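Before any comments, here is the structure.
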């Protein structure tokens, strides 16, 4: 065998060599990430966990170790904690579904061949960059129970018992869910990037074979963007559970009215940064919440095996 | 913006296809109206005078004070908007470069190489995303204060980006890399290329959409971010764009909980602040389409 | 070479870290609010000339953040409301005050210095106060002058503005007269109200309770048992509710739904505020409202009723300060007459007992054109908030959220006042039991 031939022969590695090779390469690529993890996540997480085992308050000087008392109190006695978790879950699931559908529909619309596509894309990106106070102000204005445009229209259409939107505790959460459905910016961009990866030829072939648009959607589009659907679902759930600024604006910083817009991040903020500034307790609540999100994500990962398809090309 | 040439395939010229396109068009316009609503409100609030803007919530302004408002905003001694813009750009460039480099590397590692325990590690990484950021910020802030790095060259605001700390971006790259055609990579390996060179020469360039997505998101994120700067920046000459708006939000702040917010000045400052972002997006999304035209070669 | 570089770097880092710990010994740090910038530079220069200590002030930095990261200034701003939760960060000032010729507890208003004194130790000294007042819009009163004269039985030369001897009936009569509405197919639409409704905090409703002789906590219960089911509390809550939910002869304030509309004192279409906040004076002036103040009206038959709130900003010294002498010298100036006069230029009334005389002695052009003497009359009848750490948390989460349900018609609203107050009491009592045991 000549030297060249020898070099061209595909190298076959043993399992052991393969394993080490993979591992080595993985480390090489992720080294920085692993260091980052320890520095910026692991260290603060441990410190926050330790904080959650004390009764530390913001101005309180030294604090005492109280073990898991904070955790027990939150689970068994704190009605606001339970309520905020419940409302956060409802909010995350409902608005998540809305946002997922909206962003996918919009991305698909933007992926089509229509004139002035660039202008539309820019316009749809706008809600993303407009600060939340402007968005909040607009919707508070539109949905104002007595002077808002929406209720004016509904009234002139003959509706008698006009909805109270964000002013009534029974409808405020739903109103917030509705408004948050317009937070599709990031997910839309992600979906769009994924849709653009799908080669046009696939659709051409399908069209020639007589497949309907709906069939094309189910058989081509969905499977090809399924990794991105999974990505967005995780993102949307986490986003929905951590949602702060919209609830802060709509709820005047305290779950107004009557604690109906009290999402967990708001409650945690109130506990830590309003009197009596209970940092230790807030840390414990945060950990409990983290466990809940963890559980949900585990479930989503398990489900993802059913619909995510990789390497389809 | 230059008109994009639209190439219609034969099956897209049928009457059926035409009606579908009209329907699409109508939907696009409807959604645009909703998307433009907040912007409309910003613009008309910028036109109102102080009294109307801060005490009423009208959809059609009664007063017109646009030029007075602009004059007031620019005359404010702390409104050094060019300086703030440059500061923000500095932070953005460092953050975006750091993230794209380190997170794409990490995402590639997760996507390409199999070994036991990978799922667990990835899952651990993902779960860190779920921890409320504010809680993590405090120990890091203490660290920055104790090492005296707090005020140096905005370090606390971008240093984390160079350590692949944005799990969202790692996740994004991972998903994209997983859709790369395996045969291409295998062929490169056969030819004896090192993993790193495969990464830089083949995988990364193929993922332009992902990179541009990250750039866009980071630009907007850094631009609008107030939390980081509020924590670390105290000196006025180091202020960022987000501060340009809060100057006016807090103009009449007093001890009580309900102070007067001059929304007209705030809206003017917001509109000025928004302009670069809109420009960047309008420009980049054209490039977005160009890079996409190139990926038609795949598959 | 490498070693030299290393050591140089290390020492640079060490120096910068150390420099954060040990400031030059004659510099005092103080953290003030955003709006204070530029207002007190002359005062600071004067202080430096007198004592040699330099003042380094930051504006708009959150004190919690500074204390939490061990970065706090020498002089800490607190308040009568916050002092009990900030106590552990503040130095005991009592020994310093004993040696001082300028400062002593009896120079300040009693109720305020009492709140700042915990277990016979003084932790902060008060500066600018806030007390509940009746604010009124002169323009709106003038436009309804003839109707007011008729409704209140006033003579043609009498002033139509609120008087010091008003009771709730007068307040209501004036309020109803000043409320204007249109009747449409969708119901009554108010475009002007006689008074505001404070639903976001307790500054109005709790005052009614206090004035009628009730209280939030049971006396002698160490602030752990709620007293909202008393007759006084029920009567006060009824008045509070009637004001917004009553019929056209009784209603003169917005209910919870109408609160979301544009009606507000600041907007110029609400004529009075019961309670209010002195910190808003600056905003009213900025908006060009023609306003003035009066003492609060009292319940019918109880002209000497107490019940308005009084609170104050206060300044203390950090437990970790190295500059105690200098800091206390500054406090003597800051909470004393020089500081009071400078603060008064920006609408802040100080807590000194002789503040009224100080103001009267100012030249004509520095006087304000509101009835400033009303503030001092109102202070005499005012009460401080219960000195209880969880008070505002309890109020926000358990009390005002339930009261809200009484204040509108529609899905989820309630109308039985006694039932709502009983619910609140049982929730509050359960909360304190959970915290402190039986």
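What follows is calculated from the coordinates using simple rules that are stated; it is not laboratory data. Remember, it's a predicted structure, so these values are computed and weren't measured experimentally. FYI the Cβ positions are ideal-geometry reconstructions off the backbone, even for glycines, and counts take in every protein chain you see.
For chain A, what class follows from the C-alpha gyration tensor (a ≥ b ≥ c being the square roots of its eigenvalues): rounded when a/c is under 1.5, otherwise prolate if a/b is larger than b/c, else oblate?
oblate
Quick check: the distance between the Cα centres of segment A:134-195 and segment A:72-126, to the nearest angstrom?
If you average the Cα positions of each part, the centres end up 13 Å apart.
Can you grab the distance from the C-alpha centre of segment A:255-313 to the C-alpha centre of segment C:225-250, Å, no decimals?
39 Å
Using a 10 angstrom cutoff on alpha carbons, build the Gaussian network for chain B and name the most mobile of B:136, B:216, B:157.
B:136
Mind giving me the nanometre distance, one decimal, between the label points for residue A:200 and residue C:222, set 7 Å out from Cα along Cα→Cβ?
7.9 nm
Using only alpha carbon pairs under 8 Å that are at least six residues apart, calculate the relative contact order of segment A:147-270 and give it in whole percent.
Normalised by residue count, the contact order of segment A:147-270 is 27 percent.
Relative to the first principal axis of the alpha-carbon coordinates of chain C, what is the inclination of helix C:168-177, with its axis defined by its Cα atoms, in degrees from 0 to 90 and to the nearest 10?
Around 70 degrees separate the two axes.
Evaluate peptide A:136-143: per residue, the Cβ atoms of other protein chains within 10 Å of its Cβ; return the mean as an integer.
Taking all residues of A:136-143 together, the mean is 4.
Top mean-square fluctuation among C:307, C:155, C:279, Gaussian network model of chain C, C-alpha springs under 10 Å?
C:155
What is the distance in Å between the Cα centroid of segment A:197-225 and that of segment C:324-382?
Answer, in whole Å: 78.
At residue A:93 and residue A:64, where each label point lies 7 Å from the Cα along Cα→Cβ, what is the point-to-point distance in nanometres?
For the pair residue A:93/residue A:64, the computed spacing is 4.1 nm.
Quick one: angle between helix C:417-436 and the longest Cα principal axis of chain C, in degrees between 0 and 90, rounded to 10, please.
Taking Cα atoms only, the helix is inclined about 20 degrees.
Counting each DSSP H run of 4 or more residues in the protein assembly as shown as -39500 (n - 2.57), what helix-only mean residue ellipticity at 222 nm follows after dividing by all residues, to the nearest 500 deg cm²/dmol?
Computed ellipticity for the protein assembly as shown at 222 nm equals -17000 deg cm²/dmol.
Would you mind telling me the antiparallel percentage of the DSSP bridges in the protein assembly as shown, rounded to 5?
75 percent
What share of the DSSP beta bridges in chain C is antiparallel, in percent to the nearest 5?
70 percent
If we count other beta carbons within 10 Å of each Cβ, what is the order of A:21, A:278, fewest first?
A:21, A:278
Over all residues in C:275-281, what is the mean tally of Cβ atoms on other chains that come within 10 Å of each residue's Cβ?
What the average comes to for C:275-281 is 4.
Taking the number of other C-beta atoms within 10 Å as the exposure measure, put B:70, A:182 in order starting with the fewest.
Listed from fewest to most nearby Cβ atoms, that is B:70, A:182.
In degrees between 0 and 90, to the nearest 10, how far off the longest principal axis of chain B does helix B:263-294 point, with axes built from Cα atoms?
Between helix and principal axis, roughly 20 degrees.
I need to check one value: relative contact order of chain B, counting alpha carbon pairs closer than 8 Å and at least 6 residues apart, in percent.
So the answer I get is 27 percent.
With an 8 Å Cα cut-off and a minimum separation of 6 or more residues, compute the relative contact order for segment A:76-304 in percent.
With pairs under 8 Å counted, the relative contact order is 29 percent.
Over chain C, with a Gaussian network built from C-alpha contacts below 10 Å, which listed residue (C:412, C:175, C:187) shows the highest mean-square fluctuation?
Taking springs between Cα atoms under 10 Å, the residue moving most is C:187.
What's the exposure ranking of A:228, B:47, going from fewest to most Cβ atoms within 10 Å?
So the ranking, lowest neighbour count to highest, is B:47, A:228.
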